[in-house]
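Structure first, then comments.
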Amino acid sequence: MTVSKEYLAEGGEPKQPEGRFGTRHYVVFMLFLGMANAYVMRTNMSVAIVAMVNQSALEKHELFDDECPDTDYGEQDNSDHQDGEFLWTTSMQGYILSSFFYGYVITQIPFGLLAKKYGAMRFLGWGMLINSVFAFLVPVAARQGGAPWLIVVRFIQGLGEGPIVPCTHAMLAKWIPPNERSRVGSIVYSGAQFGTVISMPLSGLLADHGWDGGWPSIFYVFGIVGTIWSIAFLLTCHEDPITHPKIAEDERKYIQQALWGKAGVNIPPIPWKSIWKSMPFYAILLAHLGQNYGYETLMTELPTYMKQVLRFSIKANGTLSSLPYLAMWIFSIGVGWVADWMLTSGRFSHTMTRKLSNSIGQYGPAIALIIASYTGCNRALTVAILTIGVGLNGGIYAGFKINHLDLTPRYAGILMAFTNCSANLAGLLAPIAAGNIIEGKPTIAQWRIVFLIAAGVYLFTATFYNLFASGSRQPWDNPDNDEPQKPASIEAPHENGHNNGYNNGTTTATLRTTTGMAEQRQ
């Protein structure tokens, strides 16, 4: 039983279908929109809450540093501005904003495990549908039940969004051949920046000019968009190429052969002991931890620094505040294409490509933070450094972010669930650490400590990644080492082969995978 030469290119590599928009490209497009929706849902409250709260009725105890001259950049008063309807203190606003993320974090690992057992597609679609439907309840909860009920609704929204990253990773592992992963992963995960770029200016516009008091329209509009996406995703997407009824046969063969028999096979139990002993796994874990800590410092604390010290609020201008996200979105896609070119050229290994991309994505922001801590009162330079630093951060998508798929296509969703859960917990530490350092003394010197700590975290975790990361599929996820599957029946040879660039597949592996596919077909 051998691979049909019809579906192999020269050199025994899987033959890519002739240029067209394939089924896998549609799945990638839908996952991109799903990631964009997810980030819209998590960021829209930060804009809406400004319009929800009656700022004039609250006592203001905000401290400002007097080292830099005063300015009214971005701070002009708007006489037509109407104060919000809620009297929530700053600390209460913090509880409301963080409630979403607590729900999001605690569902990462459970959904990663469930996706491995039952499939990722339905958990992703239904989770985002729950998230979107509960967006309609945000105005009702706030007005009828106050902050406590709003916290509950946002917490449930976070629970619904929990599957987005691990399940997206699991689906990419089943749909995307190795030499397409860098650009595809970058495209899909850049949906996060795209969603933020759309959310911030549009939320501000809806808060000022929307219906039902302005701010509720933010949740109505994005709730409708999210609901439409969720239904379309559930109706048109499938778990893998094996179960898709309308995928072209040459594309199905191409994906199956390129993925070494991963898609649709009867996956054995999770090799926990081997994972916990794997240094490449810990390299990804630490890189993910450093990324979230540094990113939260870069994007959450630097605008605060510009307000307290430089007297310039970047968030007052929707277009300017979204500029760093736009830079990261564009750069991440570019790095993804370059990374895949490096792989297909044969000049760079998967390991080298991941390390180079990740170095740009983490050393770049580290250097930017160090420079920003010494820019003094130069407002223009600080904004430029913020944009460049966040833009370079896009390199992580072709680095550690997609590296899970290299190590273990069959357990990529589970690994992502663990690293993303841990990383989000680390991200929550960034504002806590900064708050304790600058409390009562928001000087340039104290803020420099905040930036240098974040830069140090970036540098350490990126270096650890460069020392121990790998782009090779790990031995504990080699299908050839699985226990033989007992076939129920074999009617005829099946032209499925397995080759991901690491071996050519054997008759035994082909037979085992074909049997597994039959067992998994829905």
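The values are calculated or read from the model by the stated rules, or taken from the named source; none is laboratory data. All figures in this text were calculated on a predicted structure; none of them were measured in a lab. Cβ atoms come from the backbone with ideal geometry, glycine included; neighbour counts cover every protein chain shown. When the accessible area is computed, the model is the full protein with side chains, heavy atoms only, and any ligands, DNA or RNA have been set aside. Shrake-Rupley method; radii C 1.70, N 1.55, O 1.52, S 1.80 Å.
Regarding Tyr282, is this residue within 25 Å of the chain's Cα centre (by Cα), open to solvent by 40 Å² or more (accessible area, probe 1.4 Å) and closer than 30 Å to Ala368 by Cα? I'd like the intermediate steps shown before the answer.
Numbers: within 25 Å of the chain's Cα centre (by Cα): yes; open to solvent by 40 Å² or more (accessible area, probe 1.4 Å): yes; closer than 30 Å to Ala368 by Cα: yes.
Considered against the rule, which asks whether it is within 25 Å of the chain's Cα centre (by Cα), open to solvent by 40 Å² or more (accessible area, probe 1.4 Å) and closer than 30 Å to Ala368 by Cα, Tyr282 comes out as yes.
Can you name the residue in region 145-172 that is part of a helix (DSSP H, G or I) and among the small types (Gly, Ala, Ser) and, of all such residues, is surrounded by the most Cβ atoms within 10 Å (Cβ to Cβ)?
Among those residues, the one meeting the criterion is Ala170.
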Check: In region 357-381, how many residues are surrounded by 23 or more Cβ atoms within 10 Å (Cβ to Cβ) and not small (Gly, Ala, Ser)?
Finding: 4
Notebook entry, point to check: Looking at region 198-210, is at least one residue open to solvent by 10 Å² or more (accessible area, probe 1.4 Å), small (Gly, Ala, Ser), assigned to a helix (DSSP H, G or I) and under 27 Å from Ile270 (Cα atoms)?
Noted result: no
Note to self: Can you tell me which of (1) surrounded by 21 or more Cβ atoms within 10 Å (Cβ to Cβ); (2) at pLDDT 85 or above is the one Asp340 doesn't meet?
What the structure shows: (2)
Next item on the list: Name, by its number, the condition in (1) at pLDDT 70 or above; (2) surrounded by fewer than 20 Cβ atoms within 10 Å (Cβ to Cβ) that does not hold for Phe100.
Entry: (2)
Next item on the list: Please name all residue pairs, on different chains or six or more residues apart, with Cβ atoms under 6 Å, provided the first residue is in region 463-477 and is in the same structural domain as Ile396 (by the TED database) and the second residue is open to solvent by 50 Å² or more (accessible area, probe 1.4 Å) and not in a loop (DSSP other than H, G, I, E, B).
Entry: Phe468/Met279
Check: Restricting to region 108-144, what's the tally of residues that are under 14 Å from Arg154 (Cα atoms) and outside any helix (DSSP H, G or I)?
Finding: 1
Check: If Ser182 passes every condition in (1) closer than 17 Å to Leu31 by Cα; (2) among the polar types (S, T, N, Q); (3) surrounded by fewer than 22 Cβ atoms within 10 Å (Cβ to Cβ) but one, which one does it miss?
Finding: (3)
Next item on the list: Please verify whether region 231-239 includes one or more residues that are under 30 Å from Leu343 (Cβ atoms), over 23 Å from the mean Cα position of the chain (by Cα) and at pLDDT 85 or above.
Entry: no
